[in-house]
Each structure stands twice: as C-alpha cells, then as structure tokens.
Amino acid sequence: MDRAVSESDSNKMDLGVNLKQPADTLTEQAEERLMEFTRSELFSRTFREGMELVEETAAYLDGPGRRDSQKLSRGDALVYASHSMRLTTRLMQVASWLLVQRAVKEDEMSAGEARQSKYRIVPDNKPTGELSFKQLAKASPSLPAKLLEIIARADQLYERTARLDRSLYGAIEAQKGNTVADQIGRLEAAFNQKK
C-alpha cells in the first residue's frame, strides 16, 4: 500500500505537480498581472499618496491635532480619540499592504507570500452604530476640519486599496474550496447520503 502511494506521488512529481504546494497557487497569468500592477504608474502614485498621507496624519496628530483636541468638549474629545485611532489603524494597514507590494516588485517577497491573509486588506465592515465620514461630520461639527479632511482622504485610499487587493488576489481566494474535485466530492457525498 505504501509503495502504491509513493509510486503515485512519484508519477505526480514527474508530471510537475508539487505535492507540498498549496492548492490555491497563483497562476502564471495572475502573477503576471500582479507584477504589471507593481510596475505601473498607478501603483507608484498610490504608494506615494499612501506614504504621504501617513506622514501628514502623523504630523497633524502629533502637532496641531493634539492642540485642537484639547479645545474639544469631553464627548467630542472621545469621538476625536476613537476616530484618530481608527484612522491610524487603517493607514497602517494600507501602508503595510503597499510595502508588501513594493517588496514583490523588488523581488524581496514572492507573490505567494504576499497573498497570505496576514498581508491582505480586510474589507471594512463597519460595526453597527459606527458613523460614516459624512455622518461624523454632521454629528460632530466641532471636530477639527483638518481631522475630518484627513479621515475622508484616508477612507477613500483604504477603499481603493481594498478594491486593488480584491482585484489582484480575490480570484485566488474565491477558488478555495471551489475546484472540480471539490464539486465532484460534494456530488458524491450528496448521492451517497440518499442511498
């Protein structure tokens, strides 16, 4: 029995199938598309925009934003603090994603590594009761205009980056558990249950 398995494995290796490779490997076409993106002007602009927004946000929150927050009422200061934390978290996620894509471009990381879930942008499902940017601006008119402007730009950048992530890597994730073998297995299981 063991010999049959090893002969089968050997035959698969002769056909170029790597048994240790994950089933959701990046196709040559998808990897080519990823490399085209990382070498594109779109990526360069998005990278610059992201890094500049991170720097601008840090400078604002550490300087004028700190002074602005001290002038707010207790309730508005709490809103300011929670939204500035959410802002910095989202910007760090975007910056991390952009740095990973640059690492792929510069051959410091493989496309396979870059598509791991820890490097992906998770779609932002707003918790119940969380205000959108427009709602926040209306609900807390005393929040500094500069903070609201940075939040709006960061939200747009986050959403654009999430769309890029889904476009570049989403097809791979959608295929997990959706192979022909999986479909046949489900059909067999369904018909075996009816017997």
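Observations on the structure shown:
- Single residue of 114, 103, 145, 174 found to be at pLDDT below 70 and over 16 Å from residue 89 (Cβ atoms): 174
- Residue ID - surrounded by the most Cβ atoms within 10 Å (Cβ to Cβ), chosen from residues in region 62-77 that are assigned to a helix (DSSP H, G or I) and of a type in the set (S, T, N, Q): 69
- Just one of (1) within 30 Å of residue 36 (Cα to Cα); (2) modelled with pLDDT of 65 or more fails for residue 136. It is (1).
- Beta carbons closer than 9 Å, at least 6 apart along the sequence or on distinct chains, pair a first residue in region 77-91 that is closer than 23 Å to residue 50 by Cβ with a second that is among the aromatic types (Phe, Trp, Tyr) and modelled with pLDDT of 90 or more for 90/158; 91/158.
- When each of 51, 85 is tested for being loosely packed, with under 13 Cβ neighbours inside 10 Å and outside any loop (DSSP other than H, G, I, E, B), the lone residue that passes is 85.
- Positions within region 88-121 being assigned to a helix (DSSP H, G or I) and of a type in the set (A, V, I, L, M, F, W, C), in sequence order: 91, 92, 94, 95, 97, 98, 99, 100, 103, 104, 111, 114
The values are calculated or read from the model by the stated rules, or taken from the named source; none is laboratory data. Treat the numbers as computed from the prediction; the structure is a model and nothing was measured. Here the Cβ is made from the backbone with ideal geometry for all residues, glycine too, and neighbour counts use every protein chain on show.
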